[in-house]
Amino acid sequence: MSGGKLLQPEELKQSLLSVGPERYHHKHPFHLLMHEGKLTRRQLQAWALNRYYYQSRIPVKDAIILSRSTDADFRRAWLKRITDHDGVDHPGGIEKWIRLAETTGLDRAAVISERSILPGVRYAVDAYLHLVSQRSLLEAVASSLTEMFSRDLISLRLDALRQHYPWLESGLMYFTARLTQAPEDATFALDYVIRNAHTRAEQNLVIAALRSKCDILWAQLDAIHFAYVTPGWEPPASFTGTEA
């Protein structure tokens, strides 16, 4: 991990940005089916229910990262991520995701219970918590940089959902909020990573951390696609729902 000359700030930025087109989950077959309007209501329900496990762990992930920093300015800035998802005097990202799940026809209590989360989704999300707690703080921050790629995907998703699944319109608040939140968060994290990756070894580690996060996002969709699309092998105690 130590080979090569030190990348200049713009070179490191471009190396990180290049991870998106190569590994981000916008190319996953499940997302492609979603954006083409080819998912059933049941498949969308399965996605919303399982993705809730990831959404619910985002502020936990951010609390871990915040707790690892001794820089008060960093902690104050990072705290925004937790309040964005937990909410303070307004519904946060988690509540907005629950409302999206309800719009698909799911019961709120069933979503929050997490009883029907696919094993593969659970393992992938837990791996993310392991990453941010066990790797360096620099790598943990770098892993959040998938937010650099999310705005374009969210814009595409909003258009596709409104076109193909208009009955979801009232549940899309989560995505509209992330159109501004994600770029703001990514700007801060990118600046932090570029300023604090002082050696080529550290630069290589932050690029690898971002790739790992992309793999985690991809693995979640793999589990959902495998269980609910092809080959459709649902594990015990998984979500059943109704076909529509």
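Could you check the stretch 144-174 and list, in sequence order, the residues that are among the aromatic types (Phe, Trp, Tyr) and crowded, with 17+ Cβ neighbours inside 10 Å?
The initial filter retains those residues of the stretch 144-174 that are among the aromatic types (Phe, Trp, Tyr), namely 149, 165, 167, 174.
Within the stretch 144-174, PHE149, TYR165, TYR174 qualify.
Select from the stretch 16-41 the residues that are touching a residue at least 24 places away in the same chain (Cβ under 8 Å) and hydroxyl-bearing (Ser, Thr, Tyr) and write down the one among them that is farthest from LEU100 (Cα to Cα).
Per the stated criteria, the residue is TYR24.
Return a yes/no flag: does the stretch 104-125 have any residue that is within 17 Å of ILE58 (Cα to Cα), among the small types (Gly, Ala, Ser), touching a Ser or Thr at 6+ places or on another chain (Cβ under 9 Å) and in contact (Cβ under 8 Å) with a residue 24 or more places away in the chain.
Scanning the stretch 104-125, I find no residue that is within 17 Å of ILE58 (Cα to Cα), among the small types (Gly, Ala, Ser), touching a Ser or Thr at 6+ places or on another chain (Cβ under 9 Å) and in contact (Cβ under 8 Å) with a residue 24 or more places away in the chain, so the answer is no.
Looking at the stretch 1-44, which of its residues are part of a helix (DSSP H, G or I), over 19 Å from the mean Cα position of the chain (by Cα) and farther than 30 Å from PRO231 by Cα?
If we filter the stretch 1-44 for residues that are part of a helix (DSSP H, G or I), which is where we start, we get 9-17, 19-23, 25-27, 29-35, 41-44.
Those still in the list that are over 19 Å from the mean Cα position of the chain (by Cα) too: 9-15, 41-42.
PRO9, GLU10, GLU11, LEU12, LYS13, GLN14, SER15, listed by residue number.
Give me the residue from the stretch 111-151 that is among the basic types (Lys, Arg) and more than 21 Å from GLN45 (Cα to Cα) and, out of that set, modelled with the lowest pLDDT. Break it down into steps so the answer makes sense when it comes.
Narrowing the stretch 111-151 to residues among the basic types (Lys, Arg): 115, 122, 135, 151.
Then drop every residue that is not more than 21 Å from GLN45 (Cα to Cα), which leaves 135, 151.
Numbers: ARG135: 98, ARG151: 90.
For the stretch 111-151, the residue satisfying everything is ARG151.
Every residue in the stretch 13-53 that is aliphatic (A, V, I, L, M), surrounded by fewer than 20 Cβ atoms within 10 Å (Cβ to Cβ) and over 16 Å from MET148 (Cβ atoms), please.
Correct list: LEU32, LEU33.
Quick test of your reading of the structure: LEU44 fulfils all but one of (1) touching a residue at least 24 places away in the same chain (Cβ under 8 Å); (2) in contact with a helix residue (DSSP H, G or I) (Cβ under 7 Å, 6 or more places away or on another chain). Name the failing condition by number.
(2)
So THR146 ticks every box in (1) touching a residue at least 40 places away in the same chain (Cβ under 8 Å); (2) outside any helix (DSSP H, G or I); (3) among the polar types (S, T, N, Q) but one. Which box is left unticked?
If we test THR146 against (1) touching a residue at least 40 places away in the same chain (Cβ under 8 Å); (2) outside any helix (DSSP H, G or I); (3) among the polar types (S, T, N, Q), just (2) comes out false.
In the list GLU114, GLU102, GLU95, which residue meets the criterion of being over 19 Å from LEU179 (Cα atoms) and under 19 Å from the mean Cα position of the chain (by Cα)?
Numbers: GLU102 fails: under 19 Å from the mean Cα position of the chain (by Cα); GLU95 fails: over 19 Å from LEU179 (Cα atoms).
Every option except GLU114 fails the conditions.
Show the residue pairs that are 6+ apart or on different chains and have beta-carbon atoms under 6 Å apart, the first residue being within the stretch 190-218 and more than 18 Å from ARG57 (Cα to Cα) and surrounded by fewer than 21 Cβ atoms within 10 Å (Cβ to Cβ), the second being polar (S, T, N, Q) and at pLDDT below 95.
ALA201/SER2
Considering only the stretch 166-179, I want to know if a residue exists there that is over 22 Å from the mean Cα position of the chain (by Cα), in a helix (DSSP H, G or I) and modelled with pLDDT of 95 or more.
Our first condition is that a residue be over 22 Å from the mean Cα position of the chain (by Cα); within the stretch 166-179, this holds for 166-167.
When the remaining residues are screened for being in a helix (DSSP H, G or I), the result is 166-167.
Next, from what is left, pick out any that are modelled with pLDDT of 95 or more: 166-167.
Yes, that holds for at least one residue.
Residues that are buried (at least 19 other Cβ atoms within 10 Å of the Cβ) and among the hydrophobic types (A, V, I, L, M, F, W, C), at least 3 per element: which helices (runs of 4 or more DSSP H) completely within the stretch 65-143 meet that? Write out each step before concluding.
Values: elements: 72-86, 93-103, 108-113, 119-134, 137-143.
Where helices (runs of 4 or more DSSP H) fall fully within the stretch 65-143 and carry at least 3 residues being buried (at least 19 other Cβ atoms within 10 Å of the Cβ) and among the hydrophobic types (A, V, I, L, M, F, W, C), they are 93-103, 119-134, 137-143.
Of the residues PRO236, PRO183, which is out of contact with any Pro (no Cβ under 9 Å at 6 or more places or on another chain) and either assigned to a loop (DSSP other than H, G, I, E, B) or free of Cβ contacts under 8 Å to residues at least 24 places away in the same chain (or both)?
Values: PRO183 fails: either assigned to a loop (DSSP other than H, G, I, E, B) or free of Cβ contacts under 8 Å to residues at least 24 places away in the same chain (or both).
Unique residue meeting the criteria: PRO236.
The values are calculated or read from the model by the stated rules, or taken from the named source; none is laboratory data. Everything quoted here is computed from the prediction, not taken from an experiment. Positions of Cβ are backbone-derived with ideal geometry, glycine not excepted, and every protein chain shown enters the neighbour counts.
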